There are 2 protein chains.
Amino acid sequence: MTESLKPGATIGILGGGQLGRMLSCAASRLGFKTHIFDPAPNCPASHVAHKQTLADYDDSEAIIDFAKSCDVVTYEFENIPVVTAKTAKIHAPVFPGIKCLEVAQDRLVEKTFIQDAGIPVAEFHAVEHEFELKRTLKTMDLPVVLKTRRMGYDGKGQVIIRDGSEAKDAFKQIGEAPAIVESFVPFAREVSVVAARNPNGDITSYPLIENEHRNHILYRSISPAENDNGRAREIAMTLLDALDYVGVLAVEFFELPDGTLYVNEIAPRVHNSGHWTQDAGCVDQFELHIRAIAGWPLGSTAPKHKIEMRNLLGQEIEAWEALANEPGLFLHFYGKDAARPGRKMGHINRIVG
Amino acid sequence: MTESLKPGATIGILGGGQLGRMLSCAASRLGFKTHIFDPAPNCPASHVAHKQTLADYDDSEAIIDFAKSCDVVTYEFENIPVVTAKTAKIHAPVFPGIKCLEVAQDRLVEKTFIQDAGIPVAEFHAVEHEFELKRTLKTMDLPVVLKTRRMGYDGKGQVIIRDGSEAKDAFKQIGEAPAIVESFVPFAREVSVVAARNPNGDITSYPLIENEHRNHILYRSISPAENDNGRAREIAMTLLDALDYVGVLAVEFFELPDGTLYVNEIAPRVHNSGHWTQDAGCVDQFELHIRAIAGWPLGSTAPKHKIEMRNLLGQEIEAWEALANEPGLFLHFYGKDAARPGRKMGHINRIVG
């Protein structure tokens with residue numbers, strides 16, 4: 001039984017993007033203050049935070065001061081250096097734990113961990129050199145996907161190989177970095193689950209989410225999704241326990257036409273495919289994460305409505321006035337200055353059932 | 001046709017209590033930053049603001065610097081000095097306008113204004129001296145309510161007079177300040193309306209709200225209320241136009257057993273009796289106010305659910321863990337340090353239909 005954080009406590013968030021921003025507002029609803037650590041001035045979370053430390057993630061002194069000012073520390077993205085989280089942990093609890101960060105940062109460790117937990121993933125092999133890639137390709141059915149082990153997101157650091165002759169170019173394209181090569185899963189749809197666990201081991205999950213990606217970036221999510229046999233949520237719960245997890249965890253799946261699920265990846269944080277929960281009439285994923293890391297009861301994750309979430313990428317945000325004019329749309333803009341192509345600038349939710 | 005504020009603009013808020021706090025989170029959803037002006041360090045809104053100016057309301061220099069940094073200025077309570085708002089207005093638009101502030105700050109001006117707009121209010125008379133009070137009492141049916149013209153809220157600055165002999169004591173109790181004496185309205189229930197108008201003259205309103213006060217402090221609100229003939233909303237709309245209003249306006253009514261409505265008071269701001277809108281599945285009153293003062297389309301104020309709101313006063317906040325454990329409760333805690341008796345520490349919303 002862990003002591004719960006009282007309202008008034010300070011929650012530290014490593015990373016001040018839109019996820020930190022929405023975590024911060026959710027924390028305020030529970031009476032908490034937030035302290036954001038981010039090297040970027042005017043980052044989205046700084047608009048709704050009590051305090052920001054403006055420093056690099058490798059600035060140990062700044063991290064120590066930051067952690068000392070917090071009652072608990074969390075992170076909004078999984079690519080913060082593990083050493084940063086470890087330094088913070090000397091002075092404040094860090095949730096989700098260091099292990100989750102280590103697992104999520106390296107696709108090889110991640111896939112191995114998931115497989116070891118008895119959960120299906122696509123066939124995968126580690127490759128560190130071009131010759132190794134070529135040798136591995138001979139043992140696999142094509143196409144396959146070559147992915148860097150580290151720092152991949154939104155399709156960055158991955159390339160499809162349809163023919164053995166493409167190996168050399170493909171390996172160059174991913175920067176000749178340590179990688180995994182994975183069977184291409186001929187999925188019928190992509191689904192995800194957002195689930196949470198608190199330090200007492202209480203577990204909860206939202207219903208299944210169906211996702212549509214365009215250009216490797218999430219375009220749309222709908223939940224509760226059709227044809228949910230509960231298996232995806234079971235898998236997410238298994239992973240929460242296997243990781244002795246505290247906080248919100250997102251699990252992305254490929255679903256085959258016959259319903260078989262392969263875990264594609266896990267994200268140890270609130271997740272874009274969970275943004276629909278903000279307008280679903282239950283505790284949203286941001287509040288759920290804060291409740292979990294604060295040791296609170298998790299609350300209700302049963303939505304009152306079926307919601308469709310759409311991301312607003314790049315210049316799509318310029319339609320803000322038309323969007324504001326459309327009845328029944330819930331607006332969530334991130335306050336980012338530069339609407340670079342493909343950059344997540346906001347999202348909209350709509351009740352669809 | 002006024003130019004709308006673009007996402008990224010800065011909204012200044014005079015006052016950093018719980019209303020400023022919830023306005024700030026709502027502003028962030030639309031991509032705005034907020035700058036809070038409040039003399040209290042660690043005020044509730046400072047936990048979710050981009051910036052706070054820590055200065056007194058009569059610090060003209062601070063007000064000028066503050067207003068210069070903002071694209072629009074609003075206020076979260078109607079008792080900020082009019083001169084403060086006027087100073088700010090030299091450098092940025094101030095919504096709702098100065099006139100609304102002047103009307104709402106003085107019960108005599110307020111009641112006269114409402115009456116002049118053709119809207120029923122209880123019989124009232126201005127009194128400045130004890131002898132005037134005594135003389136007036138002779139012309140009225142008792143009981144009556146003696147109220148200071150200025151700075152009254154949550155029942156402060158008012159006293160019931162049941163017998164002419166109580167006049168002297170009553171006048172002492174309200175500090176011998178300029179006052180009005182009002183007929184006591186034998187109401188069957190108290191109701192309110194939260195409505196809004198933007199600079200283009202677009203108008204909208206939430207459904208009727210039924211309120212229960214205890215010890216002169218709002219205890220509970222339910223909306224949509226039963227037995228709504230639409231008259232209260234019509235009155236609110238009339239007042240919005242009469243005041244050439246921009247922003248959210250709350251109108252409180254006494255309803256007689258036969259359905260007759262008397263306006264009790266108006267609040268030129270978001271209002272405690274509108275907190276239920278946060279979990280009603282439509283644009284909430286905080287976002288509605290931001291939309292209105294930013295010149296945006298007002299969005300939908302039609303709730304998907306019937307909601308009951310309960311205030312958490314003083315030590316009631318100490319039950320936070322039990323409240324967090326109750327399924328279906330939406331928590332809104334204000335992050336205030338000292339739980340003084342009667343102090344508004346938070347509220348809870350619950351879907352009841």
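The values are calculated or read from the model by the stated rules, or taken from the named source; none is laboratory data. Because the structure is a prediction, the values reported are computed rather than measured. Note: ideal-geometry Cβ built from the backbone for every residue, glycine included; neighbour counts use all protein chains shown. Just so you know, the surface numbers come from the protein's heavy atoms only, side chains and all, with ligands and any DNA or RNA stripped out. Shrake-Rupley method; radii C 1.70, N 1.55, O 1.52, S 1.80 Å.
Of the listed pairs A:LYS33/A:LYS86; A:LYS336/B:LYS86; B:LYS51/B:LYS89, which have alpha-carbon separations greater than 25 Å here?
Going by Cα-Cα distance, A:LYS336/B:LYS86 fall outside the 25 Å limit.
Treat every Asp and Glu Cβ in the stretch B:1-155 as -1 and every Lys and Arg Cβ as +1, leave all other atoms uncharged, and give the resulting dipole magnitude about the Cα centre to the nearest 20 debye.
320 debye
Can you tell which of A:GLU326, A:GLU308, A:GLU132 shows the greatest fluctuation in a Gaussian network model of chain A with Cα springs below 10 Å?
Of the options given, A:GLU326 has the highest mean-square fluctuation.
So for the stretch B:172-233, what percent of the C-alpha to C-alpha distances run longer than 15 Å?
67 percent
When N counts the residues of the stretch B:249-312, how does its alpha-carbon radius of gyration compare numerically with 2.2 N^0.38 Å, as a ratio?
After normalising by residue count via 2.2 N^0.38 Å, the value is 1.26.
Starting from a Cα-only point model with no solvent, please compute log10 I(q)/I(0) by Debye for the stretch A:4-53 at q = 0.14, 0.23, 0.33 1/Å.
-0.27, -0.69, -1.26
Hey, got the average number of other protein chain Cβ atoms within 10 angstrom for residues in A:335-347?
Whole-number average of other-chain Cβ neighbours for A:335-347 is 2.
If you take all C-alpha pairs in the stretch B:1-101, what percent of them are over 22 Å apart?
19 percent
Which value in Å does the Kirkwood hydrodynamic radius of the stretch A:152-191 take, with 1/r averaged over all unlike C-alpha pairs and then inverted?
Across the stretch A:152-191, the inverse of the average 1/r is 11.6 Å.
For the stretch A:275-326, what % of the accessible area comes from carbon and sulfur atoms, probe 1.4 Å?
The computed percentage sits at 42.
Under a point spin-label approximation (7 Å from Cα along Cα-to-Cβ), what is the A:ARG340-A:GLN115 distance to one decimal in nm?
Result: 3.4 nm between the two label points.
Only four residue types carry charge here, +1 at the Cβ of Lys and Arg and -1 at the Cβ of Asp and Glu. Report the dipole size of chain B about the Cα centre in Debye, rounded to the nearest 20.
Taking the Cα centre of chain B as origin, the dipole is about 440 debye.
Which one, A:HIS35, A:LEU261, A:SER221, is farthest towards the positive end of the dipole of chain A when Lys and Arg carry +1 and Asp and Glu -1 on their Cβ?
Going by the Cα projections, it comes out as A:HIS35.
List the relative contact order of the stretch B:159-288 as a percent without decimals, with contacts defined as Cα pairs under 8 Å and 6+ residues apart.
24 percent
To the nearest 20 debye, what charge dipole does the stretch B:299-353 have about its Cα centre, counting +1 at the Cβ of each Lys and Arg and -1 at the Cβ of each Asp and Glu?
Dipole magnitude for the stretch B:299-353 comes out near 280 debye.
Using the Kirkwood formula over every pair of different C-alpha atoms, what hydrodynamic radius in Å results for the stretch A:105-210?
This gives a value of 15.3 Å.
Evaluate Rg over Rh across the stretch B:197-258, taking Cα atoms for both radii and Kirkwood's formula for Rh.
1.01
Pick out, from A:ALA302, A:HIS332, A:ALA322, the residue whose Cα sits farthest towards the positive end of the charge dipole of the stretch A:294-342, with +1 on the Cβ of Lys and Arg and -1 on the Cβ of Asp and Glu.
A:ALA302
Rg and Dmax of the stretch A:228-353, using alpha carbons, in Å: what are they?
When restricted to Cα atoms, the stretch A:228-353 yields Rg and Dmax of 16.4, 46 Å.
How high is the relative contact order of the stretch A:256-353, in percent, counting Cα pairs under 8 Å that sit 6 or more residues apart?
About 28 percent, as a whole number.
Counting only other chains, and only Cβ atoms inside 10 Å, what mean value do you get across the residues of A:159-165?
Per residue, the number of nearby Cβ atoms from other chains is 0 on average.
Among the lysines, which have Cα under 20 Å from the Cα of A:LYS147 when same-chain residues fewer than 8 positions away are ignored?
A:LYS111, A:LYS134, A:LYS138, A:LYS156, A:LYS168, A:LYS172
Hull surface divided by four, with the convex hull built on the Cα atoms of the stretch B:156-295: how many nm²?
Quarter of the Cα hull surface area: 9.7 nm².
Under 10 Å, Cα contacts only: if you run a Gaussian network model on chain A, which one of A:SER60, A:SER165, A:SER192 comes out with the highest mean-square fluctuation?
Top of the fluctuation ranking is A:SER165.
7 Å from Cα along Cα→Cβ at both A:ASN325 and B:LEU142: what's the point-to-point distance in nm?
6.1 nm
Can you give the convex hull volume of the alpha carbon atoms of the stretch B:59-171 per residue, in Å³?
Roughly 126 Å³ of hull volume per residue.
With each label point set 7 Å from Cα along the Cα-Cβ vector, what nm distance links B:GLU3 and A:GLU212?
Those two pseudo-labels are separated by 3.7 nm.
Averaged across orientations, what area in nm² does the convex hull of the alpha carbons in the protein assembly as shown project?
About 32.0 nm², averaged over all directions.
Note the buried accessible area between A and B here, summed over both chains, with a 1.4 Å probe, in Å² to the nearest 100.
Approximately 3200 Å² gets buried when A meets B.
Quick check: Cα centre of the stretch B:166-229 to Cα centre of the stretch A:62-108, how many Å?
50 Å
Per 10 Å bin, what percent of the C-alpha pairs of chain B does each bin hold, from zero upward?
5, 24, 33, 26, 10, 1, 0
How much net charge surrounds B:ALA177 when only the other residues with a Cβ under 14 Å from the Cβ of B:ALA177 are counted, with Lys and Arg +1 and Asp and Glu -1?
Charge balance near B:ALA177 sits at +1.
Within 10 Å of each Cβ of A:18-29, how many other protein chain Cβ atoms are there on average?
Partner Cβ neighbours, averaged per residue: 4.
Under the 0.36 nm per residue contour assumption, what length would be gained going from the current alpha-carbon distance of B:LYS168 and B:GLU130 to full extension?
Contour length minus Cα-Cα distance gives 13.0 nm.
Could you tell me the relative contact order of the stretch B:28-114? Use alpha-carbon pairs under 8 Å, at least six residues apart, and round to a whole percent.
Once divided by the residue count of the stretch B:28-114, the mean separation gives 21 percent.
Connecting C-alpha atoms closer than 10 Å in a GNM of chain B, tell me which of B:GLU212, B:GLU76, B:GLU318 has the biggest fluctuation.
Maximum fluctuation in the GNM of chain B, among the listed residues, is at B:GLU318.
On average, how much accessible surface per residue is there in the stretch B:134-221, in Å², for a 1.4 Å probe, leaving out ligands, DNA and RNA?
49 Å²
For B:LYS306, give me every one of the lysines with a C-alpha distance below 27 angstrom, ignoring sequence neighbours fewer than eight places off in its own chain.
A:LYS304, A:LYS306, B:LYS344
Rounded to the nearest 0.05, what FRET efficiency do B:GLU176 and A:LEU54 have when you use their Cβ-Cβ distance and R0 = 51 Å?
0.40
Suppose R0 equals 22 Å; then what is the FRET efficiency for B:LYS86 and B:MET151 from their Cβ-Cβ distance, rounded to the nearest 0.05?
0.70
Check the cysteines of the protein assembly as shown one by one and keep only those with no other cysteine Cβ under 4.7 Å from their own.
Lone cysteines by the Cβ rule: A:CYS43, A:CYS70, A:CYS100, A:CYS282, B:CYS43, B:CYS70, B:CYS100, B:CYS282.
At R0 = 60 Å, how high is the FRET efficiency between B:ASP258 and A:ARG231 if r is their beta carbon distance? Nearest 0.05 is fine.
Step by step, r from the Cβ atoms, then E = 0.50.
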